[in-house]
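In what follows, a structure is listed as structure tokens, so that the remarks can point back to it.
The values are calculated or read from the model by the stated rules, or taken from the named source; none is laboratory data. The shown structure was predicted, so the numbers you read here are calculated from the model rather than taken from an experiment. Don't worry about glycine lacking a Cβ; one is built from the backbone with ideal geometry, like all the others, and counts go over all protein chains shown. Side chains are part of the model used for accessible areas, which takes the heavy atoms of the whole protein and leaves out ligands, DNA and RNA. Shrake-Rupley method; radii C 1.70, N 1.55, O 1.52, S 1.80 Å.
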Amino acid sequence: MLKQKILQQLIEHPDCPLSGQTLAAELQVSRNAVWKAVNVLKQEGYPIYADGRKGYVLRSTSNHLSAETILSYLPPSMQHIRIIAEEEMDSTNREARRLLADGFHGHALLVCNHQTAGKGHQQTSFSSPRDTGLYMSVILPVDIPIELYRNIPMAAAYALIDTLKELSHLPFRIRGIDEIYLHDNKIGGILCEAYSAELESGMLHAPVIGIGLHLTQSELSENLLDSMFSLGYAVSRNRLAALLTEKLSGIDLCDTDAVRRSYQPLVDQTISNI
């Protein structure tokens with residue numbers, strides 16, 4: 001589809017204007033076709049701007065969630081992953097379970113801009129306002145012995161904290177095994193579920209790891225998207241979703257010793273009196 005090809009070109013050249021003529025020649029279409037496709041992308045929410053006569057620009061800091069953009073940040077070994085990015089879901093974990101119930105087998109990331117019924121532990125709700133957070137679930141295409149279930153939330157906590165600290169010098173910490181804090185503010189949580197379990201074989205199939213992060217909170221004095229990342233480039237929600245998915249997917253959930261070695265430093269920094 002032309003608009004996807006144009007979007008991919010813009011993603012590959014962030015903050016670099018590409019003229020309609022250049023895109024038309026590259027994709028072997030007319031400039032008018034390029035103009036129409038760009039307008040459709042704009043209507044869908046992509047922050048594409050015309051830089052004078054230089055051409056079209058997609059801002060690298062765009063926070064419009066896009067399956068194509070997330071995929072562009074993943075390594076070649078993960079280009080097979082199914083990515084579903086929507087404006088709204090009731091819950092990314094629920095959507096993941098529905099996908100599995102429909103017969104999906106494989107690796108998937110589900111992400112949305114707003115959850116109408118975000119879930120926490122013990123049937124609690126998780127506030128998921130529009131445009132201010134990252135709400136995602138990863139389906140891992142693995143089987144894991146039921147007795148190793150605790151490895152899943154430990155691995156998820158490690159992956160999340162390690163990703164955040166890799167991008168920042170801020171003191172992210174974990175409370176328990178599923179609540180993420182910055183200073184004294186809870187900024188997110190983890191909800192791990194297993195789609196099915198076979199008692200006969202003693203295996204859990206297709207674990208689902210749900211992560212919710214509040215990236216902008218009124219009680220915080222700073223916008224996390226603007227200030228928490230200290231690399232030489234800004235990190236959008238798309239990039240953060242890709243980094244988390246890559247980190248989660250690289251953990252061997254059946255290697256209990258490795259999971260515990262990764263998780264133990266988090267325990268040493270656990271918040272105990274909040």
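Placing +1 on the Cβ of every Lys and Arg and -1 on the Cβ of every Asp and Glu, with no other charges, gives the chain a dipole of roughly 860 debye about its Cα centre. Note on VAL40/ARG175: beta-carbon distance plugged into 1/(1 + (r/R0)^6) with R0 of 41 Å gives a FRET efficiency of 0.40. Pairs of Lys residues in the chain, spaced 8 or more positions apart or belonging to different chains, with C-alpha separations under 27 angstrom: 14 in total.
Computed over protein heavy atoms with a 1.4 Å probe, the accessible surface of the chain works out to 49 Å² per residue.
Mind ranking 157-165, 253-261, 144-152, 99-107 by how tightly packed they are, going by the mean number of other C-beta atoms within 10 angstrom, highest first?
Those peptides, ordered most packed to least, come out 157-165, 144-152, 253-261, 99-107.
Between HIS105 and MET1, the FRET efficiency estimated from the beta carbon spacing at R0 = 22 angstrom works out to 0.25. Packing around the peptides 82-91, 131-140, taken as the average count of other Cβ atoms within 10 Å per residue, puts them in this order, highest first: 131-140, 82-91. In a reduced charge model with +1 at each Lys and Arg Cβ and -1 at each Asp and Glu Cβ, region 1-103 shows a dipole moment near 320 debye about its Cα centre. Once Kirkwood radius over Cα pairs in Å is worked out from the coordinates, which option in (1) 18.6; (2) 19.9; (3) 21.2 does it equal? Comparing each candidate, only (2) matches the computed number. Our estimate of slack between ASP51 and ASP90, defined as 0.36 nm per intervening residue step minus the Cα-Cα distance, is 10.3 nm. The length gained by stretching the chain between SER19 and ASP131 to full extension, at 0.36 nm per residue less their Cα-Cα distance, is 37.4 nm.
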